[in-house]
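Reviewing the structure listed below.
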Amino acid sequence: MRTGFAGKKVLVGVTGSIAAFKVAGWVSTLAKAEAQVSVVMTESACRFVTPLTFAALSGNQVHRELFDPGGEERMDHIALGRDADLVLIAPATAATIARLANGLADDLLSTAVLAARVPIIICPAMNSRMYLHPATQENIGRLKKFGYQVLTPGEGMMACREEGTGRLPEWEEVSEYLLRALTPQDLLGERVVVTAGPTREALDPARFLSNRSSGKMGYALARTAFRRGAQVQLVSGPVSLPVPPGIDCKFVTTAREMREATLGRSDWATIIVKSAAVSDFRPAFEQAEKVKKETAPRSVELAENPDILAELGKSKKKGQLLVGFAAESANLEGEGRRKLEKKNLDLIAVNSITSETTGFAADTNQILLLDRHGAEQLPLADKEQVADMIWDRAAVMIKSRSEEPGKQEIQACRQ
Ligand code: C5P
């Protein structure tokens with residue numbers, strides 16, 4: 001299963017806030033991602049941005065009037081909400097929020113929303129006094145009770161030159177909630193811990209031992225698990241990636257910190273994916289002061305780090321799924337199978353580090369997926385697609401595990 005916007009019908013409701021200009025960019029991004037975007041604008045939205053802008057960016061005529069003769073031949077007030085896969089209202093003003101909270105069907109957008117039976121995501125944007133007023137807060141509470149997802153606005157300087165809560169949320173956050181709403185929830189109810197990135201082992205205050213892991217694979221696994229309905233906790237080594245929205249992230253530096261953070265979350269987790277590239281060794285002694293070139297020793301004594309994955313394998317709970325990674329340069333299947341057995345894993349993703357298109361810093365990866373019953377070579381794909389392929393397998397394993405232990409995995413996935 002691929003989590004994405006391609007082919008999805010998204011109805012975007014734009015209301016009268018200065019932040020409407022930002023949503024023009026979102027519509028453009030959705031259209032480029034091959035979503036079929038229809039836009040409904042309220043009367044006041046048209047005073048901020050012209051309908052022509054949204055028509056040009058979405059590639060479709062913009063809907064405005066409840067009593068538009070052409071539109072009503074197609075029953076737009078019902079069809080727009082009914083035929084969508086998802087409704088996004090952004091920016092959502094206090095007025096539109098109040099209208100929706102009371103089921104007032106007095107314009108095209110509020111009527112289309114009443115007719116919709118699909119996920120509805122609302123991005124409020126207004127002055128913080130208006131946002132924090134009990135009337136608005138009560139209305140938002142009602143919308144949440146209806147099952148609508150109301151995102152929390154951002155904080156900062158607003159168009160009225162006041163600081164506070166009320167800024168339109170950022171697209172990076174909104175898009176993750178849209179993707180979650182569009183994706184079949186085959187990990188709903190699962191509690192997932194993903195580890196990602198390298199660890200750093202200090203030699204002195206300036207220097208450390210580490211590896212080339214970028215964290216991209218682990219972050220892609222965390223993001224896609226969230227989209228598929230899981231609650232996700234990410235334990236991350238030092239990387240230069242933004243924390244994915246909706247995900248609880250604990251940053252660590254050393255292998256021993258990663259061990260503590262991961263073992264501390266293991267009782268909570270139904271699935272643990274250890275994609276981090278943990279340093280196997282650390283300097284046996286960390287120098288308190290920066291070592292001077294003239295007096296530096298010519299060799300460094302190393303101490304072995306704990307194997308976190310092996311510990312998790314030993315303490316694995318009944319029904320818990322443990323997924324490991326292996327970066328190899330030769331004999332991928334043999335090495336993968338040896339680690340699967342030795343560390344008591346359910347699944348292992350083996351990738352070659354000898355090619356530029358796989359492993360560490362690359363944006364793509366090619367995985368050999370092994371479980372107790374077989375092996376499957378996954379195609380070369382971007383890391384998000386690879387993450388989805390791993391979740392396809394994990395979801396089947398988790399499901400068949402609760403039905404009939406022992407008969408599952410690679411055979412089940414191939415059917
Ligand atoms: O044995 P190897 O290091 O190749 O195994 C890789 C797998 O083990 C990865 O899933 C990695 O996150 C995990 N690992 C670990 N603790 C270590 C070394 C590796 O959890 N000290």
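Largest first and in whole Å, what are the equivalent-ellipsoid semi-axes of region 266-402 based on the Cα gyration tensor, each being the root of 5 times an eigenvalue?
Semi-axes, largest first: 32, 20, 13 Å.
Need the list of aspartates and glutamates near Lys216 for cross-linking: C-alpha distance under 12 angstrom, and skip anything on the same chain fewer than eight residues off.
Asp363, Asp382, Glu384
Note down the Stokes-Einstein diffusion coefficient of the chain in µm²/s, whole number, using a Kirkwood radius over alpha carbon pairs, 37 °C, and 0.692 mPa s.
138
Eigenvalues of the Cα gyration tensor times 5, then square-rooted: what semi-axes does that give for region 109-184, in whole angstrom, largest first?
23, 16, 10
With the cut-off at 19 Å, tell me which of the pairs Lys316/Lys342; Lys22/Lys145; Lys274/Lys314; Lys316/Lys343 have Cα atoms farther apart than that.
With Cα atoms farther than 19 Å apart: Lys22/Lys145.
Determine the dipole magnitude for region 9-182: charges of +1 sit on the beta-carbon of Lys and Arg, -1 on that of Asp and Glu, nothing else is charged, the reference point is the Cα centre, and the result goes in debye to the nearest 20.
My answer is approximately 260 debye.
Evaluated at 4 °C with a viscosity of 1.567 mPa s, what Stokes-Einstein diffusion coefficient in µm²/s does region 308-383 have when Rh comes from the Kirkwood expression over alpha-carbon pairs?
The calculation lands on 101 µm²/s.
For the chain, with a Gaussian network of springs between Cα atoms less than 10 Å apart, report the residue from Thr195, Thr357, Thr15 with the top mean-square fluctuation.
Thr357
With contacts defined as alpha carbon pairs under 8 Å and 6 or more residues apart, what's the relative contact order of region 9-182 in percent?
Relative contact order comes out at 21 percent.
Using only the Cα atoms of region 5-142, what do you get for the radius of gyration and for Dmax, in Å?
Expressed in Å, the Cα Rg and Dmax of region 5-142 come to 14.0, 42.
For Glu403 and Glu34, calculate 0.36 nm times their separation in residues minus their Cα-Cα distance, and state this gained length in nm to one decimal.
Residue separation times 0.36 nm, minus the Cα-Cα distance, leaves 129.1 nm.
Would you be so kind as to identify which of Leu178, Val40, Asn365 lies farthest towards the positive end of the dipole of the chain, taking Lys and Arg as +1 and Asp and Glu as -1 on Cβ and the Cα centre as origin?
Farthest along the dipole direction, towards plus: Asn365.
List the trypsin sites (Lys or Arg not before Pro) in region 101-152 that DSSP assigns to loop (not H, G, I, E or B) and whose Cβ has at most 14 other Cβ atoms within 10 Å. Which are they?
Those that pass, being in a loop and sparsely packed, are Arg117.
I need the peptides 293-300, 105-112 ranked by packing, meaning the mean over residues of other C-beta atoms within 10 angstrom, with the highest value on top.
The packing order, highest mean first, is 105-112, 293-300.
Given the options Ala381, Val193, Ala125, identify the residue whose Cα lies farthest towards the positive end of the charge dipole of the chain (+1 on Cβ of Lys, Arg; -1 on Cβ of Asp, Glu).
Val193
To the nearest 20 debye, what is the magnitude of the charge dipole of the chain about its Cα centre, counting +1 on the Cβ of each Lys and Arg and -1 on the Cβ of each Asp and Glu?
That gives the chain a dipole magnitude of about 700 debye.
Let me have the relative contact order for the chain, percent, based on Cα pairs under 8 Å that are six or more residues apart.
11
Select from Leu109, Pro134, Pro91 the residue farthest towards the positive end of the dipole of region 87-155; place +1 on Cβ of Lys and Arg, -1 on Cβ of Asp and Glu, and compute about the Cα centre.
The one lying farthest along the dipole's positive direction is Pro134.
Over region 9-182, what is the percentage of antiparallel beta bridges among all DSSP beta bridges, to the nearest 5?
Percent antiparallel among DSSP bridges in region 9-182 is about 20.
Report the charge-dipole magnitude of region 276-415 in Debye, nearest 20, computed about the Cα centre from +1 at each Lys and Arg Cβ and -1 at each Asp and Glu Cβ.
480
The numbers here are math on the coordinates, done by the rules we state, and not lab data. This one's a predicted model, so the numbers in the text were calculated from it and none came from an experiment. So basically every Cβ, Gly included, is an ideal-geometry build from the backbone, and we count neighbours across all protein chains shown.
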